[in-house]
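J.: So that we are looking at the same thing, I have put the structure below in structure tokens.
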2 protein chains.
Amino acid sequence: MGRGMKEARLGGGDTRSVSQFARVPKSTFRAHIVDGLRQAILRGDMEPGSPLIEANLASQFGVSRGPLREAMRQLIDEGLLVTVPYTGTHVVDLSVEDVREIYSIRVNLEIFAFEQIWPRRDAQFRDGLVRRHEALTQCIDAQDDAASISAELELHGFVYEAAGHRILLKTWESIRGRLQLYWAAHHRAHGIRGPRRDGHDDYVRTALGDNFEDLRQEITGHMARGGSQTEAFLASRVQEPIAPPSLPSAANDAGTTAAAASRARELSKSVE
Amino acid sequence: MGRGMKEARLGGGDTRSVSQFARVPKSTFRAHIVDGLRQAILRGDMEPGSPLIEANLASQFGVSRGPLREAMRQLIDEGLLVTVPYTGTHVVDLSVEDVREIYSIRVNLEIFAFEQIWPRRDAQFRDGLVRRHEALTQCIDAQDDAASISAELELHGFVYEAAGHRILLKTWESIRGRLQLYWAAHHRAHGIRGPRRDGHDDYVRTALGDNFEDLRQEITGHMARGGSQTEAFLASRVQEPIAPPSLPSAANDAGTTAAAASRARELSKSVE
DNA sequence: AGGTGATCGATTGTCAACAATCTTTCATCT
DNA sequence: AGATGAAAGATTGTTGACAATCGATCACCT
């Protein structure tokens, strides 16, 4: 049926017309779907725990199941989806332990990022940081919570990008998705989100200052504040997945498949 | 064909099963191929930079291209393969910068791992560490270089497992592959590998001691030694790329997430 | 000769159908 | 009734064929 419609779809959905001489990204359906799906998940179009069925998503994206499966596989590796063979794939439902881990390793990674860039901080770095801080403040003033989440992630993410450390950046990106996912859920549940308007003033100030130790302490404290707030919220939920076995190397489990599947009620809304 | 095999890989997690009622064997061709391919790559069956063609591998594994593609996609995400759409997929060829990044972040992650487990070190931890250290020493004495590499990775990996931090562990695993890949190449090129027999004595001693600061310095020094040795090797070979002529270490990333990393990195330098 | 454009082979991307497996439902038995 | 087991429906896993793209080769034009 749709063999000949590929070109039209490809040209229509892409927004890369103004590149001066930038390498045109070789387009693949898979790449587009990864972006679209990730965006849909992070935007909260599908609640944590809700199932994703390949056939539906494939038709919604207008492609066949092949490319869609590969895209899903990538999001699984990113930690945004969890899957059980022959059974189903769901949006990840973060446990208290997960969020705790994210915050704890964030402290470590972000300090490492600053170690990398500390002697190389220049005007460009300063401007980038300040600009993103201002953007964040404006979003908070406008009480646009979704934008505030993105702006805060942009602010922190800028440090990772500026560090010029590819492995570090990739690690951050794999964490960022889940962090954003959690913040979105937190926001939906609590109505209002938490970042105070001056929550990042000290962060930016010490980041541009001359005392690394001050920055280290600020980051530690910053994360501790976010972490405790986070855990309080998660603890208030009754969900509480299975306690991991008391040993290291606890395999991650999406909880009992029956519970997860039956709990999944809201089917996927339109994704586009 | 036979479907009832073993080994299952849940998304993101490892194929570990613990309790007596562990989730069993749901088999997937993809899971088997991922393991087999990874093993082949790490074992050095295919040189860094050599191409992987889907049709050949598919017939070689006795499956169709679908599952094989998904398996390759996972190894791409792990950083063991690099791909260019419509063009080809190759075993990653690490650059000096890559190895430098690996070593630098290893210092950070391993110290973090010890921070996590430091107050919880018990007899089991001590035994595990000592046992792996002995295994490593034996491999070195036997002059079995391949086994030495695995043993050394087992020793360090044990710390990450014992930390009980899933994100940390996954990050380590994503690094471990490339590290092993590099060590194998190093070994093939130099004939003999480098770890002195007593190279880890101080490491294990401080890891089981009472002074965290000593351990921190030992790890930093340990990695610095490995790193400098590494860079000397890579620098010596920088003028002589491998057999495949038009090769890649310049722009080795796919149109997926890795592209974003490199793109962001370039952006931080260029104007905007 | 040097550059230019078409052609061919090889490889990856995509599709639609088929097979295996899981979950649920419902009839059956104790 | 409660448990047990078989059939049905739904979803994922797998396959082989087809289409799009890339790189190299070679004829052709200036």
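The values are calculated or read from the model by the stated rules, or taken from the named source; none is laboratory data. The structure displayed is predicted, hence computed values, not measured ones. Reconstructed Cβ throughout: ideal geometry from the backbone, glycine too, with neighbour counts over all protein chains shown. Note: areas computed on protein heavy atoms with side chains; ligands, DNA, RNA excluded. Shrake-Rupley method; radii C 1.70, N 1.55, O 1.52, S 1.80 Å.
J.: Can you confirm whether B:R9 is part of a loop (DSSP other than H, G, I, E, B), charged (D, E, K, R) and either at pLDDT below 95 or open to solvent by 50 Å² or more (accessible area, probe 1.4 Å) (or both)? Talk me through it step by step, then tell me what you get.
T.: Values: part of a loop (DSSP other than H, G, I, E, B): yes; charged (D, E, K, R): yes; either at pLDDT below 95 or open to solvent by 50 Å² or more (accessible area, probe 1.4 Å) (or both): yes.
In short, yes.
J.: Now for a different question. Look through region B:163-190, keep the residues that are charged (D, E, K, R) and within 14 Å of chain A (Cβ to nearest Cβ), and return whichever of them is surrounded by the fewest Cβ atoms within 10 Å (Cβ to Cβ).
T.: Taking region B:163-190 and keeping what is charged (D, E, K, R), we get B:166, B:170, B:173, B:176, B:178, B:188.
Cutting the leftovers down to within 14 Å of chain A (Cβ to nearest Cβ) gives us B:166, B:170, B:173, B:176, B:178.
Values: B:R166: 22, B:K170: 19, B:E173: 14, B:R176: 18, B:R178: 20.
Of everything passing the filter in region B:163-190, B:E173 is surrounded by the fewest Cβ atoms within 10 Å (Cβ to Cβ).
J.: Here's another thing I want to ask about it. Mind checking which residues of region B:69-82 are within 12 Å of DNA strand C (Cβ to nearest atom) and open to solvent by 30 Å² or more (accessible area, probe 1.4 Å)?
T.: Result: B:R69, single match.
J.: Something else about it: In this structure, does A:Q143 turn out to be more than 10 Å from chain B (Cβ to nearest Cβ), modelled with pLDDT under 95, open to solvent by 10 Å² or more (accessible area, probe 1.4 Å) and under 19 Å from A:G227 (Cβ atoms)? Outline the logic, then answer.
T.: On the way: more than 10 Å from chain B (Cβ to nearest Cβ): yes; modelled with pLDDT under 95: yes; open to solvent by 10 Å² or more (accessible area, probe 1.4 Å): yes; under 19 Å from A:G227 (Cβ atoms): no.
Judged against the criteria, A:Q143 is not a match.
J.: Which is touching a Pro at 6+ places or on another chain (Cβ under 6 Å) and away from DNA strand D (no atom under 12 Å from the Cβ), of A:D98, A:D93, A:D77, A:D122?
T.: Values: A:D98 fails: touching a Pro at 6+ places or on another chain (Cβ under 6 Å); A:D77 fails: touching a Pro at 6+ places or on another chain (Cβ under 6 Å); A:D122 fails: touching a Pro at 6+ places or on another chain (Cβ under 6 Å).
So the residue among A:D98, A:D93, A:D77, A:D122 that is touching a Pro at 6+ places or on another chain (Cβ under 6 Å) and away from DNA strand D (no atom under 12 Å from the Cβ) is A:D93.
J.: A further question on this structure: From the list B:Y160, B:Y86, exactly one residue is among the hydroxyl-bearing types (S, T, Y), open to solvent by 10 Å² or more (accessible area, probe 1.4 Å) and within 14 Å of chain A (Cβ to nearest Cβ). Which is it? Explain how you work it out, then say what you get.
T.: Details: B:Y160 fails: open to solvent by 10 Å² or more (accessible area, probe 1.4 Å).
None of the others qualify; the one that does is B:Y86.
J.: Select from region A:40-68 the residues that are within 13 Å of chain B (Cβ to nearest Cβ) and buried (at least 21 other Cβ atoms within 10 Å of the Cβ) and list them in ascending order. Outline the logic, then answer.
T.: Keep residues of region A:40-68 that are within 13 Å of chain B (Cβ to nearest Cβ), which gives A:52, A:54, A:64-68.
Residues satisfying the conditions are A:L52, A:L68.
J.: In region B:98-113, which residue that is more than 8 Å from every other protein chain (Cβ to nearest Cβ) and open to solvent by 10 Å² or more (accessible area, probe 1.4 Å) is nearest to B:A163 (Cα to Cα)?
T.: Top of the filtered list is B:I111.
J.: Report, by residue number, each residue of region A:114-134 that is more than 10 Å from chain B (Cβ to nearest Cβ) and crowded, with 17+ Cβ neighbours inside 10 Å.
T.: A:F114, A:L129, A:R132, A:H133
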